[in-house]
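Beneath this line is the structure, given in structure tokens, with notes to follow.
Where a number appears in this text, it was derived from the coordinates with a stated rule and is not lab data. All values reported here derive from a predicted model rather than from experimental measurement. Here the Cβ positions follow ideal geometry from the backbone for every residue, glycine too, while neighbour counts run over all protein chains shown.
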Amino acid sequence: MPYVTTDDEISLYYEEVGAGIPIVFVHEFAGDVRSYEQQMRHFGQRYRCIAFNARGYPPSDVPHDGEKYSQSWARDDIRDVLDGLKIEKAHIVGLSMGGFATLHFGFSYPARARSLVVAGCGYGAAPDKREQFAAEAEAVAKQFEQETMAKAAHGYALGPTRVQFQNKDPRGWQDFASQLAEHSTEGSARTMRGVQARRPSLFDLVDKMRAVRTPTLIMTGDEDWPCLEPALLMKRTIPTAALVVMPNAGHTINLEEPTAFNQHISEFLHAVDVGAWRARDPRAMASAILGR
């Protein structure tokens, strides 16, 4: 199996297909490299595509130290994948937990990103939901430990922003739930506590967002309720950002609506690669509604 080694000596499993400009796919909490199979097949025809398992997701290492799980480590693991594969610069595509990591990668390593796709990003970000999210994250982590992922995965896969996937594509959703049940109990619990529960609110990062100059595509489903307001925040604040809201869609949009998801990203990457992606015209932010 292919691995890269991080700065703190964690082995990360990755898969690769295709040739050309690199794309790195960063998975969500409930996913792994398998979540991006439909993207690897589609984009692998024209790009060099890499997907990797985050720390805590076998066959990547599962550190026993809880301090080895954080938003900073998730961000730097993307950099270490690039370094390990000798890639200077890549398009970075992340969903949910991977979307947060992608955004933070853009903050810290803008010279390494050709573009950023930040999808399904926002869980726990709303200022009035911070305590609720932290409490729910701890409860979920304890549930994983008490029941093991083999049993707890089914309930997690039926969250309020995932039932859309189940309703549209029962077989696809079942594959998703079955793969989630195979995740490491320890890795999932430590990731929930260290990465999910402790990451900073997006509403506290607006100054960093205003400084982003990397082409950015924000994506969300219109029934991914925790991510709608954060998506608008990122669109308003990042001067190079566009926003896609996918209709009648929940959280797992790359699996739920793979054709539309791939098409939106294809058009975005093409515009970036040919130099046609532009920052927002400041006049679009004027306070007037009808004219000057």
Practice prompt. Estimate the FRET efficiency between ALA279 and SER201 by the formula 1/(1 + (r/R0)^6), using the beta-carbon distance for r and 35 Å for R0, to the nearest 0.05.
Written response: 0.90
Worksheet entry | Hz values of 3J(HN,Hα) by residue in the range 43-54 - Karplus curve (6.51, -1.76, 1.60), Gly and Pro given as x | 7, x, 6, 10, 10, 8, 9, 10, 10, 9, 8, 4
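Packing-wise, with mean Cβ within 10 Å as the measure, how do 148-155, 124-131 rank, highest first? Mind showing how you got there, number by number?
Numbers: 148-155: 16.6, 124-131: 15.1.
Sorting 148-155, 124-131 by mean packing, highest first, produces 148-155, 124-131.
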Worksheet item: Among the aspartates and glutamates, which fall within straight-line cross-link reach of LYS168, defined as a Cα-Cα distance under 17 Å, with same-chain neighbours fewer than 8 residues apart omitted?
Response: ASP222, GLU223, ASP224, GLU256, GLU257
Practice prompt. Would you list, by chain and number, the lysines whose Cα falls below 28 Å from the Cα of LYS129, excluding same-chain residues fewer than 8 positions away?
Written response: LYS68, LYS142, LYS151, LYS208, LYS235
Worksheet item: Each residue of the range 127-140 in order: what ³J(HN,Hα) in whole Hz does its phi give by Karplus 6.51 cos²θ - 1.76 cosθ + 1.60, θ = phi - 60°, with x for Gly and Pro?
Response: x, 7, 10, 5, 5, 4, 5, 4, 5, 5, 4, 5, 5, 5
Worksheet item: Rg(Cα) of the chain divided by 2.2 N^0.38 Å?
Response: 0.95
Worksheet item: Label-point separation (nm) for GLN132 and VAL17, each offset 7 Å from Cα along Cα-to-Cβ?
Response: 3.9 nm
Item to complete: Please list, or write none, the aspartates and glutamates whose alpha carbon is within less than 17 Å of the alpha carbon of LYS89, excluding same-chain residues fewer than 8 places away.
Response: GLU16, ASP76, ASP77, ASP80, ASP273
Response to the item:
Rounded to whole angstrom, the alpha-carbon centroid of the range 1-33 lies from that of the range 80-137 at a distance of 14 Å
